[in-house]
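So the structure is just underneath, and the comments pick up after that.
The values are calculated or read from the model by the stated rules, or taken from the named source; none is laboratory data. What you are looking at is a predicted structure, and each value in this text was computed from that prediction instead of being measured. Please note: Cβ atoms are built from the backbone with ideal geometry, for glycine as well, and neighbour counts cover all protein chains shown.
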Amino acid sequence: MNVAASNIANISTTGPLPASGGSSASAGAGIAPTFPAAYVPLRVDQVSQSSGSAPGGTVATVSTVSPSYTAQSDPSAPFANQDGLIAAPNVDLASEFAQLVTAKYSFVANAKVIQAYAETQDTLLDIKA
């Protein structure tokens, strides 16, 4: 959920295209200002642990999305290149919301499993709460 929330929160965090060197083309006098790079979106990859010494479960790893940015037209941005292009994070909003919904229902399902286990254990031990 943290990765999807971070991607959604930073969807508008743009920056100069990497090829432009991070400086403004219009700054002719003195030192050209530098601008922060565009947000680099993340993704979660889950790998099944079906083999090994302790089989079962999954392992989640966080990595960067590739390509991490898309070129968008915004000539008014101070860091736009000569063609008026900037780097915008390569975030698919629909996919991020689907990830959030999937995480929510996974949590609910896991909570139900724990609840069913607790109820079964109480029944087996004949303990009433």
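Points to keep in mind about this one:
- Among the residues of the stretch 63-72, those that are more than 14 Å from P18 (Cα to Cα) and surrounded by 11 or more Cβ atoms within 10 Å (Cβ to Cβ) comprise T64, V65.
- Among the residues of the stretch 77-109, those identified as outside the structural domain of T34 (by TED's automatic domain parsing) and over 21 Å from the mean Cα position of the chain (by Cα) are V108, A109.
- Selected residue [in contact with a strand residue (DSSP E or B) (Cβ under 7 Å, 6 or more places away or on another chain) and free of Cβ contacts under 8 Å to residues at least 12 places away in the same chain] from G84, G56: G84
- Applying the condition of being among the charged types (D, E, K, R) and within 25 Å of Y69 (Cα to Cα) to the stretch 83-108 and asking which residue is surrounded by the fewest Cβ atoms within 10 Å (Cβ to Cβ) yields D83.
- Of everything listed in (1) in the same structural domain as T13 (by TED's automatic domain parsing); (2) of a type in the set (A, V, I, L, M, F, W, C); (3) more than 25 Å from A38 (Cβ to Cβ), the single unmet condition for L124 is (1).
- F35 meets each of the listed conditions (1) within 21 Å of N110 (Cα to Cα); (2) at pLDDT below 90 apart from (1).
- Of all residues in the stretch 98-129 being assigned to a helix (DSSP H, G or I) and charged (D, E, K, R), the one that is farthest from V44 (Cα to Cα): D122
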